[in-house]
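This report refers to the structure that appears directly beneath it.
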Amino acid sequence: MFDKIKLPYEYNELEPHIDAATIETHYGKHLQKYLDTLNGIVKEHEEFFKGKTLSHILSNIDEIPESIRQGVINHGGGVENHNLYFSILSPKAKMSPDGKFLEEINKTFGDLDKLKTQISEAAIGQFGSGYAFLVKDKSGNLLVRNTLNQNSPLSDGFIPLLTIDVWEHAYYLKYKNLRPDYVKNIWNVIDWEKVQGLYEHCDGK
Ligand code: MN
């Protein structure tokens, strides 16, 4: 059985950037539904899931039995992507990374603002439901990626570090059709300390 992260803040603590009703529905209903559906699949195929992490499974989707593969991509990705999304948000977000991570950002993108612009453009430009991600490859190189639906960058060999959920359920209650305003404001609650921790320690296993 898999689990969702414990939300490290109250529903209303990301206001005014993300409203309490959105977090409550998004975390309590949408993520819960992905989790329940995934665990329903696990119950029927315990042998396959035994001892495997979700990130390992999503990194090796060819190993998933064909009859449940798309379900695991959709609902397992739904759990993995949302766990990342909710974990990097914070009411006390650190506004910049530092050290080797910041050097790598500067080297790859020019500076932090240019990286944020690139991620924002990826998020705003994502047609339909999906995500924008900052990822690293196996050599530690940084890239900006989009994924459709609940596909995980892990399935393309990348380790996700930061994500912006641009499914309408992530912003519609407050922002309606104004996805660019949601994307602009979410930077106020994206915690670069968390993102940096993933860059430094996460190997995608
Ligand atoms: Mn979502």
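The values are calculated or read from the model by the stated rules, or taken from the named source; none is laboratory data. Computed from a predicted model, the values in this text were never measured in an experiment. When we count neighbours, we look across all protein chains shown, and the Cβ atoms used for this are built from the backbone with ideal geometry, even at glycine. Surface accessibility is based on the protein's heavy atoms, side chains included, excluding ligands, DNA and RNA. Shrake-Rupley method; radii C 1.70, N 1.55, O 1.52, S 1.80 Å.
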The lone exception for D203 - which of (1) more than 15 Å from the ligand (Cβ to nearest atom); (2) more than 26 Å from K100 (Cβ to Cβ); (3) in a loop (DSSP other than H, G, I, E, B) it fails: (2)
Unique match (being on the phi > 0 side of the Ramachandran plot, over 16 Å from the mean Cα position of the chain (by Cα) and not aromatic (F, W, Y)) among G140, G125, G157: G140
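Can you work out which of the residues in segment 18-52 that are outside any helix (DSSP H, G or I) and either among the basic types (K, R) or within 16 Å of the ligand (Cβ to nearest atom) (or both) is farthest from the chain's Cα centre (by Cα)?
First, the residues of segment 18-52 that are outside any helix (DSSP H, G or I): 18-19, 45, 50-52.
Restricting the remaining residues to those that are either among the basic types (K, R) or within 16 Å of the ligand (Cβ to nearest atom) (or both) gives 18-19, 50, 52.
Details: I18: 16, D19: 19, K50: 24, K52: 20 Å.
Among those that are outside any helix (DSSP H, G or I) and either among the basic types (K, R) or within 16 Å of the ligand (Cβ to nearest atom) (or both), it is K50.
Among the residues of segment 46-54, is there at least one that is touching a residue at least 60 places away in the same chain (Cβ under 8 Å) and crowded, with 17+ Cβ neighbours inside 10 Å?
Taking segment 46-54 first, the residues touching a residue at least 60 places away in the same chain (Cβ under 8 Å) are 53.
Checking which are crowded, with 17+ Cβ neighbours inside 10 Å leaves us with none.
No, every residue in segment 46-54 fails to be touching a residue at least 60 places away in the same chain (Cβ under 8 Å) and crowded, with 17+ Cβ neighbours inside 10 Å.
Find the residue count for segment 159-205, including only residues that are among the aromatic types (F, W, Y) and in contact with a Leu (Cβ under 7 Å, 6 or more places away or on another chain).
Of all residues in segment 159-205, those among the aromatic types (F, W, Y) come to 167, 171-172, 175, 182, 187, 192, 199.
Going one step further and asking which of them are in contact with a Leu (Cβ under 7 Å, 6 or more places away or on another chain), we end up with 199.
Adding up the residues that qualify gives 1.
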Test: residue in segment 99-120 that is in contact (Cβ under 8 Å) with a residue 24 or more places away in the chain and under 25 Å from I73 (Cβ atoms): yes
Residue in segment 95-115 that is within 23 Å of W167 (Cβ to Cβ) and surrounded by 16 or more Cβ atoms within 10 Å (Cβ to Cβ) present: yes
Residue identified as at positive phi and either modelled with pLDDT of 95 or more or open to solvent by less than 70 Å² (accessible area, probe 1.4 Å) (or both) among G197, G204: G204
Subset of segment 145-171 that is within 15 Å of the ligand (Cβ to nearest atom) and among the charged types (D, E, K, R) - its residue that is most open to solvent (accessible area, probe 1.4 Å): E168
Tally, over segment 116-144, of residues that are open to solvent by 50 Å² or more (accessible area, probe 1.4 Å) and at pLDDT 95 or above: 7
Enumeration of residues in segment 55-66 that are out of contact with any Lys or Arg (no Cβ under 9 Å at 6 or more places or on another chain) and open to solvent by less than 30 Å² (accessible area, probe 1.4 Å): I57, L58, I64
Where a residue in segment 1-27 is open to solvent by 80 Å² or more (accessible area, probe 1.4 Å) and modelled with pLDDT under 95 and its partner, wherever it lies, is polar (S, T, N, Q) and not in a loop (DSSP other than H, G, I, E, B), with Cβ under 6 Å and at least six apart: M1/N39
Failed criterion for S55 (all others in (1) under 22 Å from L148 (Cβ atoms); (2) in a loop (DSSP other than H, G, I, E, B) hold): (2)
Pair list, Cβ under 7 Å, 6 or more apart: segment 163-186 residue over 26 Å from L198 (Cβ atoms) and acidic (D, E), other residue part of a helix (DSSP H, G or I) and away from the ligand (no atom under 11 Å from the Cβ): D181/Y175
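Before we move on, is Q70 loosely packed, with under 13 Cβ neighbours inside 10 Å and more than 15 Å from the chain's Cα centre (by Cα)?
Values: loosely packed, with under 13 Cβ neighbours inside 10 Å: yes; more than 15 Å from the chain's Cα centre (by Cα): yes.
Yes, satisfied.
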Selection count, segment 172-194, where residues are over 20 Å from H30 (Cβ atoms) and crowded, with 17+ Cβ neighbours inside 10 Å: 3
